[in-house]
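Here is the structure we will look at, set down as structure tokens.
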Amino acid sequence: MKILTLAALAVLLGMPAANARTADVTPLPARITMAEGDMIITPSTSLVIEAPAEDAARLRDYADAEWRRFAPAGKKSSTSVELKTVKRLEGIESPEGYRLNVTPRKALVEATSGAGLFYGLQTLMQLADGTDTIPALNISDSPRFGYRGMMLDISRNYRDKNFILKQIDALARLKINRLHLHLTDGAGWRLEIKKYPRLTEYAAWRPELTWKEWSDGGARYIDASDFGAYGGFLTQDDAREIVKYAADRYITVIPEIEMPSHSEELTAAFPEISCTHNPKGEPDVCVGNEKTFEILQNVLDEVMEIFPSEYIHIGGDEASKRAWKECELCQKRMADEGLKDVDELQSYLIHRIEQYLNSKGRSLIGWDEIMEGGLAPNATVMSWRGTEGGIRAARSGHQAVMTPGGYCYLDSYQDAPATQPVAISGYLPLERVYSYDPAPDSLGTDVTKWIAGVQGNLWTEHVPTAQHAEYMLWPRMIAIAEIGWTPQEQRRWESFRPRALKVSDDMRGKGYTVFDLRGEAGNRRQSTRTVDHLARGKKVTYNVPWWSNYNAAREATLTDGLRGGWSYGDGRWQGFLHRGDERVDVTIDLEKVTDITYVGADFMQITGPGVWFPAKVEILISDNGTDFTELATIEHKQKDSTGLSFKEFSWSGNARARYVRYRATSTEGCQFTDEIIIR
Ligand SMILES: [Zn+2]
């Protein structure tokens, strides 16, 4: 007699199955077809692996440790989990792809590589979800991008080996395959280099606990043996353990050694390789000095010994290039090499380091500034200043990894700033991260074929503790994982959000600190609806131009009825940059003489990135657009502050006018405003 499962019975009776036939997998697989029945895993279920020995050992160890103990191979069992490498898989080109077929008797994963089997295993583990039941189904899956990464800055605030291993566990479950470690920066050198012990005996230690205190306190380094020395570094053994642990989870660790800038700690340890020989440390190394190349190449030799990654990240961002203009050695280098400016001097260093890495069989990757002065021939660009750098690199036939600040910088606020620990700037809730498409069809396949993938970056200036770092990473890295894996046409926020909640809950159960989406406060209230007022849709004349980096809606911005959110980069806030004291100076034409009772605008302040309230706002009116009379002057004593704040600069009263002029002046930073409201 045939015994019907509950689900089959439900189908016979024309009822929806009680146990809804869906597969709850994150990142969402490319194609899922549900089937009838379930596979029940029992203590006698066997695990059969047919793969090259190294992969087979990794997969078995992982399944044993992270899932369950299976029956010893060879023992007769009624059900089996089978992982098998095959020569090819019809319709799946990526070596990371896999096919999964689950029937009541057997769960079979097929892939052309160990990585593919590992991802199939991850999918199976999620389907089992801590129970013994896996729904019967067919999955055909492969990643959208070959590069799916996370960057962790362990220079600004040091994070140790155990923290990194714990994050690798989480990344592996989400099929992320690159961990980029920002090992060196002005705030501390974090990798043991045997040839240069001074880097970690001195340049890895400071008197203050947090980056903020260190930076405010004069950015000094001290000896590791000094009383109260705070900091740390990965020993080479630590780093090797991280590399192996990651490799066992099919994750490649990419080391970053910053050059030629963000190098204060390096030039403090070795003042002779900065242009000024300042013992306090200079941001840039001297490119004219051969000693610089000797040290960098010796460091890279040890780095390559530890990290088998094809990519070696050399930073390359935000060089000030100032000292190079005054330095005899740098000027001589430029003359000798026929370099016409300091951009080409930077490019000289990048080219030379690239040649060195290429000669050792490695590839150079760097932040998008490495294109300044001419991009090295085989370099891969990591696009962080928006997406243009990556797109430009892709157009010229270079690989690009997309990590634009507006979507991928996980040091931004993930919820209303008042509810969050102080962050560097910006507002990057999970939904906005998820909305990012690194390779939109509109770019054309000539460009998108060069886009290698996507990466989430956690800079840690304002992230002093391990818990805080996890809180910033999760759940936003879950969105990065799905952006990197799932076909764009399959991605839906409505489908993702509940799955992100589930992954978050699972992670909390495993001891991670995860931001709680259920308590999300959301964007600035004013930005969630349009505001109607007398100036809405009226023409605005800019007596001083806005800042072209923050165009927002250009001429329409200040009267479009749309208020800004928590982030000055959200396309609602318009930026106004230094021009002496002048910032905002606009005239609004109400088209006819009108009774007015209120004129006002909000400004934002977040002084970390240089956004300040104005020092003075003047509101003036006119009937002819030429002769203005003052309505109000509002003075504001500018002062530095932590976090993000907003302030309204307005006038209320009774007046009649056709033209309203709104001026803001400042001696500090730039200004951002979203709408000039007239009632
Ligand atoms: Zn120099």
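If you count the DSSP beta bridges with both ends in the range 147-519, what percent of them are antiparallel, to the nearest 5?
10 percent
Rg to Rh for the range 619-679: what is it, with Cα atoms only and Rh by Kirkwood?
Result for the range 619-679 is an Rg/Rh of 1.01.
Tell me, ARG198, ARG656, ARG249 in order of fewest to most beta-carbon neighbours within 10 Å?
Exposure proxy ranking, most exposed first: ARG656, ARG198, ARG249.
Given the C-alpha centroids of the range 603-679 and the range 81-133, what is the distance between them in whole angstrom?
Comparing the Cα centres of the range 603-679 and the range 81-133, I get a distance of 61 Å.
One quarter of the convex hull surface, Cα atoms only: what value does that give for the range 360-447 in nm²?
7.5 nm²
So what are the radius of gyration and Dmax for the Cα set of the range 479-604, in Å?
20.8, 66
How many angstrom separate the Cα center of the range 253-290 from the Cα center of the range 458-537?
So the two Cα centres are separated by 37 Å.
Could you calculate the contour length gain from TYR542 to GLN488, that is, 0.36 nm times the residue separation minus the distance between their Cα atoms, to one decimal place in nm?
Between TYR542 and GLN488, full extension yields an extra 15.4 nm.
Against the longest principal axis of the chain, how steep is helix 114-128, in degrees 0 to 90 to the nearest 10, with axes from Cα atoms?
For helix 114-128, the angle is close to 90 degrees.
Roughly what % of DSSP beta bridges within the range 150-284 run antiparallel, to the nearest 5? Mind dumping the intermediate values first?
On the way: 4 of 14 bridges.
Here the antiparallel bridges make up roughly 30 percent for the range 150-284.
Beyond 31 Å between alpha-carbons counts as too far, so tell me which of LYS280/LYS332; LYS195/LYS321; LYS280/LYS639; LYS212/LYS340; LYS84/LYS502 fall in that bin.
In this structure, LYS212/LYS340 exceed 31 Å between Cα atoms.
Sticking with the crude label model, points 7 Å out along Cα→Cβ, report the distance from LYS195 to GLU648 in nm, one decimal please.
6.3 nm
With each label point set 7 Å from Cα along the Cα-Cβ vector, what nm distance links ASP24 and ASP317?
3.7 nm
Please report the antiparallel percentage of the DSSP beta bridges confined to the chain, to the nearest 5.
60 percent
Apply 1/(1 + (r/R0)^6) to the Cβ-Cβ distance of ASP64 and MET34, taking R0 = 25 Å, and write down the FRET efficiency to the nearest 0.05. Present the calculation step by step, with values, prior to reporting the outcome.
Values: r = 29 Å, r/R0 = 1.15.
Here the calculated transfer efficiency is 0.30.
So between HIS578 and LYS166, what do we pick up on full extension, going 0.36 nm a residue minus the alpha carbon distance?
Working: separation 412, 0.36 × 412 = 148.32 nm, distance 4.49 nm.
Working it through step by step, the gained length comes to 143.8 nm.
Could you please tell me the mean projected area of the C-alpha convex hull for the range 526-678, averaged over all directions and given in square nanometres to one decimal?
Working: hull surface 32.6 nm².
The number I arrive at for the range 526-678 is 8.1 nm².
Any chance you could get the radius of gyration and Dmax over the Cα atoms of the range 147-519, in Å?
20.2, 62
What's the ranking of 520-532, 93-105, 448-460 by average number of surrounding C-beta atoms within 10 Å, highest first?
448-460, 93-105, 520-532
Run through all the Cα pairs of the chain and give the fraction in each 10 Å bin from 0, expressed as whole percent.
Histogramming the chain at 10 Å steps yields 3, 13, 21, 22, 18, 12, 7, 3, 1, 0 percent.
Give me the one-decimal nm value for the distance between modelled label points at THR445 and SER359, 7 Å along each residue's Cα-to-Cβ direction.
About 4.0 nm, to one decimal.
Which value, to two decimals, describes the C-alpha radius of gyration of the range 564-635 once divided by 2.2 N^0.38 Å?
The value comes to 1.30.
Does the range 427-487 come out rounded, prolate or oblate by the C-alpha gyration tensor, with a ≥ b ≥ c the root eigenvalues, rounded set by a/c under 1.5 and, if not, prolate when a/b is larger than b/c and oblate if not?
Numbers: a/c = 2.87, a/b = 2.38, b/c = 1.20.
It comes out prolate by the Cα gyration axes.
Starting from the Kirkwood radius over alpha-carbon pairs of the range 17-141, derive D by Stokes-Einstein at 37 °C in a medium of 0.692 mPa s and give it in µm² s⁻¹. The partial results should precede the final answer.
On the way: Rh = 14.5 Å.
Stokes-Einstein gives a translational diffusion coefficient of 227 µm²/s.
A short reminder: the numbers here are calculations on the coordinates, not readings from a lab. Because the structure is a prediction, the values reported are computed rather than measured. Counting neighbours? That spans all protein chains shown, and the Cβs are built from the backbone with ideal geometry, glycine included.
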